[in-house]
Amino acid sequence: MTSNPRQFAIVTGASSGIGYELAKLCAENGFDLLIAADEPQINQAANDFRSLGVEVEAVEADLATIEGVDRLYEAAGGRPADALLANAGHGLGHGFLDQDFTEARHVIDTNITGTIYLIQKVGRDMRARDQGRILITGSVAGFMPGSFQAVYNGTKAFIDSFSFALRNELKDTGVTVTCLMPGPTETEFFERADLLDTKVGQQKKDDPADVAKDGFDAMMNGEGDVVSGWKNKLQTTLASVTPAGVLAEYHRKLAEPGSGED
Ligand SMILES: NC(=O)c1ccc[n+]([C@@H]2O[C@H](COP(=O)([O-])OP(=O)(O)OC[C@H]3O[C@@H](n4cnc5c(N)ncnc54)[C@H](OP(=O)(O)O)[C@@H]3O)[C@@H](O)[C@H]2O)c1
């Protein structure tokens, strides 16, 4: 256990995109970091954050697995986390029947199983200390059936819902739960999900630094949720009064393979 007076944050999926920017904000605000991702690129991110003057440990682990999450948790060495930013996740394009089931399951295991397992482990410690902040990266995708990204949108509907429920369960404690719900954001997400030939893959997207700032600020203020960006706020408001079949048809136009311009 360290006697370091700085606060301590665990950030998953910190090697790129929104998670990188979240971890950077934590470092800029004086949090020591334990960061994780599945690829060696996480070590480069760790070097970047160390240059901001905080202590950083990086773990390379597949957070879709219980073993990977356990390894991340153990790397904290018992140091209590002041903040957990559960952000790691990925998508998967194409029609469900055309997807490789192992890949589809990896989306569920990363976005749901590994995410909530880590939240349970770290959340129990926070509740015992009656103190802590949990930020979960959900998505506006959770508001609509995701034709040609069906499994992914389903995982984010789970996460958006889970986040509000956990927040309510902890309302009489010093632990806050915040759900960050980004819209399409300029990260490696679309390439990784094989969505580059789709309309959503090619459209102009939000800046991950802006999205992360919205999430970080909401977490620090203990807010329940934040939809990043006014267009996305409007879209989620409309989605709540639009029939699911209409939303699914809308999503088809965005995510069907070949729906992009080239
Ligand atoms: N981009 C968008 O439009 C958008 C919109 C709404 C919500 N989101 C959500 O935002 C979060 C971050 O995504 P992003 O857009 O920033 O994409 P990204 O640039 O691809 O970043 C994803 C991060 O998660 C990590 N990750 C993915 N699967 C993992 C696994 N099984 N184990 C460990 N690390 C894993 C990646 O590391 P490795 O590369 O090492 O696996 C990477 O650090 C995700 O939860 C995503 O669903 C994204």
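Okay, helix-only estimate at 222 nm for the chain: each DSSP H run of n ≥ 4 adds -39500 (n - 2.57), divide by all residues, round to 500 deg cm²/dmol; what do you get?
Computed ellipticity for the chain at 222 nm equals -13500 deg cm²/dmol.
Within the accessible area of the chain, what % is carbon and sulfur when the probe is 1.4 Å and the other protein chains stay in place?
Here carbon and sulfur together make up 51 percent of the probe-accessible area.
Angle between the Cα long axis of helix 115-129 and the longest principal axis of the chain, 0 to 90 degrees, nearest 10?
30
By how many degrees, 0 to 90 and rounded to 10, does the Cα axis of helix 41-50 deviate from the longest principal axis of the chain?
50
Enter the accessible area of F96 (Å², nearest 10), with the probe set to 1.4 Å and all protein chains included.
So the heavy atoms of F96 present about 100 Å² to solvent.
Expressed as a rounded percentage, what relative contact order does the chain have, with Cα pairs under 8 Å and six or more residues apart?
Once divided by the residue count of the chain, the mean separation gives 19 percent.
Just to confirm, what accessible area per residue do you get for the chain at 1.4 Å probe, in whole Å²?
Accessible surface, normalised per residue, equals 46 Å².
Working with all protein chains in place, sort T237, T113 by solvent-accessible area computed with a 1.4 Å probe, largest first. Each step should come with its number before you reach the end.
Numbers: T237 85, T113 60 Å².
Putting T237, T113 in descending order of accessible area: T237, T113.
Can you sort V177, V246 by solvent-accessible area, 1.4 Å probe, largest first? Intermediate results must be reported in sequence, preceding the final value.
Values: V177 0, V246 80 Å².
Of V177, V246, the descending order of accessible area is V246, V177.
Taking Cα pairs under 8 Å and at least six residues apart, what relative contact order does segment 91-158 come out at, in percent? If you can, show how the numbers build up before the last one.
Numbers: 57 pairs, mean separation 31.7, N = 68.
Relative CO of segment 91-158 lands at 47 percent.
Under the definition of Cα pairs under 8 Å and six or more residues apart, what whole-number percent is the relative contact order of segment 56-195?
Once divided by the residue count of segment 56-195, the mean separation gives 29 percent.
For segment 120-220, state which trypsin sites (Lys or Arg not before Pro) are in a DSSP loop and have at most 13 other beta carbons lying within 10 Å of their beta carbon. It would help to have the intermediate numbers written out before the result.
Numbers: sites: K121, R124, R127, R129, R133, K156, R167, K171, R192, K199, K204, K205, K213; in loops: K171, K204, K205.
Those satisfying the criteria are K171, K204.
Helix 17-28 versus the longest principal axis of the chain: what angle, 0 to 90°, nearest 10, using Cα atoms?
30
The values are calculated or read from the model by the stated rules, or taken from the named source; none is laboratory data. In this text, all values refer to a predicted model and were calculated from it rather than measured experimentally. Neighbour counts run over all protein chains shown; Cβ positions are idealised from the backbone, glycine included. All accessible areas refer to the heavy atoms of the entire protein, side chains included, with ligands and DNA or RNA removed. Shrake-Rupley method; radii C 1.70, N 1.55, O 1.52, S 1.80 Å.
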